[in-house]
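Asker: Starting off with a structure, shown below.
The values are calculated or read from the model by the stated rules, or taken from the named source; none is laboratory data. Owing to the predicted nature of the structure, the values given are computational and were not obtained by experimental measurement. Neighbour counts run over all protein chains shown; Cβ positions are idealised from the backbone, glycine included.
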Amino acid sequence: MELFFLFTAIWLGILTSISPCPLATNIAAISFISHRITHKNIVFLSGIIYTIGRSITYIAIGFLIAEALVSIPVLSDFLQRYINKILGILLILVGMVLLELLPVNLPSMSVSGKTTKKLVEGGILGSLFLGVLFALAFCPVSAALFFGGLIPITLKAQSNFALPLIYGIGTGLPVLLFAVLVSVGAEYASTLYHRVSRMDHYMKKVTGVIFIIVGIYYVLVYIFELI
Amino acid sequence: MKIKKLLSAVLLLFILLSISFLVYKELLQKSYSKGNTVAEVQNNKESQNYAAPPQKQSAQDKKVNTVDKVTTKPVEPEAACNFQGASCDSNNKVIAYYFHGTSRCTTCRTIERYSKETIERYFAKELKNKTLEFKPINVEEPEHRHYIQDYQLYTRSLVLVRYKDDKQQEWKNLSEVWSYVRDKEKFYQYVKNETERFLQEKE
């Protein structure tokens, strides 16, 4: 039975990952984590951290519901109404930062500590943040799968940690897979490091453009309701 | 360099525009819902609905007349029938609500279409004598938001509600529509069976 629940959770996660909204955000995430393409370990780590970020969100929501701190309809309605609207604007802003259209002084530089600096530069913290944020962006299909599919089984199995965690991994699976491919591919490509050395630079630009496009798409759909 | 500046200006302008549009829309909705409960006398009935969902049918039909743009079926005769009271048998009926939001996704449209098709295909007679009705409703419109709580909606849903003497007797969210949406025949069968059950228990 336990196994059955675990399997269901990961399957629901995979179904979610290919449904429209998470697909769009996962594409943005893939481009984000691969913009450090010459650093294969960072790409791989970012993929994992991003997926953990998604899981954190699902665990938190599962907890809120299991503890009856918030009712499913209220939460689902709130997330679907507001997060997608804010998401579009945020994506455009992040895209602009990546394209260096907006000057940003990362405050964490002054916090000191080599690790923090490394984390920020490598986009590791960014990946965590993206994971948490993107998981909050629910649309009808993903809401049906999460609130109608996963939540009932977590309540039934009284497992509001493991199952949302597994589900989160499922939703991040395409990104995780891609991260592995990039890591492997980057190693292969590093033999041509002459050319690859500037690849980070271009990938960052491409990521910025993708973020802006996905952001504009979200704004058009959820704020102007044009598409 | 010039292009960069131009691009950032355009993007920032776009962001500004979207934020102001968003805020404007939110304010519009807020003022609407305030007006609903305070100003309009006619809508007092509606605010009572929030407290007592089972008795909301007549007020709902009134709303359909004025507000629900999405309903494609002509509702006037039926609503008029309700106003005249018990002479019409439409106060014993089943309503199949399809609840959707403002932005419509492909799967959601398919669910709505299949639901409508099932009901039109198998229940033409019931539709004609008004014992069954199909109503698409946008729950993001302020006056329809109470449905979210009434029927515990968390996504686009098909909900069957049975009324007897204008009182709500039973409702069911056909949540399996999401599982069957990829199989048209199964979907038809599922909605047909559930609707039949609802109609039979009315007798």
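Asker: In this structure, does A:L150 turn out to be at pLDDT below 90 and either surrounded by 14 or more Cβ atoms within 10 Å (Cβ to Cβ) or more than 21 Å from A:L64 (Cβ to Cβ) (or both)? So that I can check it myself, show each step before the final result.
Answerer: Details: at pLDDT below 90: no; either surrounded by 14 or more Cβ atoms within 10 Å (Cβ to Cβ) or more than 21 Å from A:L64 (Cβ to Cβ) (or both): yes.
When the stated conditions are applied, A:L150 does not pass them.
Asker: Residues that are more than 15 Å from B:T110 (Cα to Cα): which helices (runs of 4 or more DSSP H) entirely in the stretch B:120-184 hold 2 or more of them?
Answerer: The qualifying helices (runs of 4 or more DSSP H) are B:124-128, B:146-150.
Asker: Restricting the first residue to the stretch A:23-43 and requiring it to be part of a helix (DSSP H, G or I), which pairs with a second residue that is of a type in the set (K, R) meet a Cβ separation below 7 Å and a spacing of at least six or different chains?
Answerer: A:H35/A:K204; A:I42/A:R36; A:V43/A:R36
Asker: Could you list all residues from the stretch B:142-157 that are closer than 16 Å to A:L79 by Cα and more than 7 Å from chain A (Cβ to nearest Cβ)?
Answerer: Hit for the stretch B:142-157 is B:R145, nothing else.
Asker: For the stretch A:31-48, name all the residues that are within 10 Å of A:G172 (Cα to Cα) and either buried (at least 24 other Cβ atoms within 10 Å of the Cβ) or in contact with a Pro (Cβ under 7 Å, 6 or more places away or on another chain) (or both).
Answerer: Listed by number, the list holds a single entry, A:G47.
Asker: Let me ask something additional. A:L101 versus (1) more than 10 Å from chain B (Cβ to nearest Cβ); (2) at pLDDT 85 or above; (3) in a loop (DSSP other than H, G, I, E, B): which is the lone unmet condition?
Answerer: It is condition (1) that A:L101 fails.
Asker: Separate question: Count, please, the residues in the stretch B:150-175 that happen to be without any contact (Cβ under 8 Å) to a residue 24 or more places away in the chain and in contact with a helix residue (DSSP H, G or I) (Cβ under 7 Å, 6 or more places away or on another chain).
Answerer: So the count comes out to 5.
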